1. Could you tell me the calculated FRET efficiency between R196 and L46, based on Cβ-Cβ distance and R0 = 30 angstrom, to the nearest 0.05?
2. According to a simple spin-label model (label point 7 Å from Cα along Cα-to-Cβ), what is the distance in nm between E62 and S135?
3. Work out how much length K148 to S236 would gain on full extension: take 0.36 nm times their residue separation and subtract the Cα-Cα distance, in nm to one decimal.
4. Tell me, in nm to one decimal, what length is gained between Q174 and R69 on full extension, where the rule is 0.36 nm per residue of separation less the Cα-Cα distance?
Amino acid sequence: MPDDRWQPKLDQYLDSELSAEEMRGMDAHLRECPSCSGDALRRMQLKRATRLAGQRYTPSAEFRRRIERQVAAKRRPARGWLWMPALAMAAVVLLVATVTVGRWYERSRSEQLLAELADIHVADLASPTPVDVVSTDRHTVKPWFQGKLPFTFDLPELQATGYTLVGGRVAYLQHEPGAHLLYDVGAHHISVFIFRDRPEIERAFPARDSTSRMLSFHVESWAKGGLRYFVFGDASPEAIQGLSRLLKQAGA
C-alpha cells in the first residue's frame with residue numbers, strides 16, 4: 001500500500017525539490033514500497049516524454065545564423081563616411097548578439113543534457129533494481145559492459161576511500177549508450193555516467209572540465225580519451241570532487 005506520508009511528495013522528489021534528509025528518506029521508502037516506486041517511475045516517464053517533446057522546438061544553430069543575418073541586414077549608406085558611427089554600432093550589436101545567442105544556446109543544451117541525466121539518476125534510484133550488475137568489485141562490473149558499449153573505461157580502486165561501488169547498468173543519452181555506475185558514500189548515492197564525447201556533447205560542454213549544479217545535485221564533468229564523464233548526486237561537493245579525482249586517476 002502507498003505510504004500517505006511520502007506519496008504527496010513524489011513530484012517534489014522527482015524535481016529534486018526536497019531537502020537532503022527528505023531525499024534520503026524517499027530513497028529508502030521507494031526501495032521498500034512497490035506501489036510508490038511504480039508511481040514514481042510512471043511520473044518520471046511522463047516527465048521525460050514531456051521534455052523530449054519540448055526539445056523538438058529547441059533553437060538550433062540555424063536560429064543563431066538567422067539572428068546574425070537580421071542584425072547584419074542594414075541599408076547600404078550613400079556616403080560611407082557619414083554612416084561610419086552607425087556601422088560601428090551595428091558591428092558591436094552584431095558581435096554582442098552573436099556571443100549572447102551562442103552562449104545561450106550552449107547553456108540551454110548543457111542544461112537539457114544535465115536534466116536528462118538527473119531524470120536517469122532519480123528514476124534508477126526509484127527502481128526496485130537500480131543496477132543490472134550488482135557488485136562492489138570493479139573487476140566484475142567493468143567486464144559486464146564488454147559487448148554492450150562501443151568503448152571501454154577504467155574504474156578506481158576504492159579500498160579505504162569511503163566510497164562503495166554498488167553496480168552498474170547501460171544508460172542512454174540522446175539514444176547513445178553509455179555506462180551508468182552507482183556509488184555510495186555515507187548515506188548518499190552518486191551516479192557516474194560515461195559516454196563517448198560526441199560533437200553534440202562537446203558543443204554543450206566546450207570546457208574540458210566543468211563544475212555545476214542541477215537543482216539539488218552537484219555535478220562534475222570532464223572529457224578525456226574521447227570519453228565524457230559526469231559525476232552526479234546530492235552528496236557534498238567535496239564528495240563529488242573526491243570520486244571525480246579517483247576516476248581521473250584510474251583513467252590516467
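No value in this document is a laboratory result; all are computed from the given coordinates. Quick caveat: nothing in here was measured; it's all calculated off a predicted structure. With ideal geometry, Cβ positions are generated from the backbone for all residues, glycine too; neighbour counts draw on all protein chains shown.
1. Working: r = 29 Å, r/R0 = 0.96.
Given R0 = 30 Å and the Cβ-Cβ separation, E is 0.55.
2. Rounded to a tenth, the inter-label distance reads 4.8 nm.
3. Working: separation 88, 0.36 × 88 = 31.68 nm, distance 3.17 nm.
The K148-S236 span can extend by a further 28.5 nm.
4. Working: separation 105, 0.36 × 105 = 37.80 nm, distance 3.03 nm.
Extra length available between Q174 and R69 comes to 34.8 nm.
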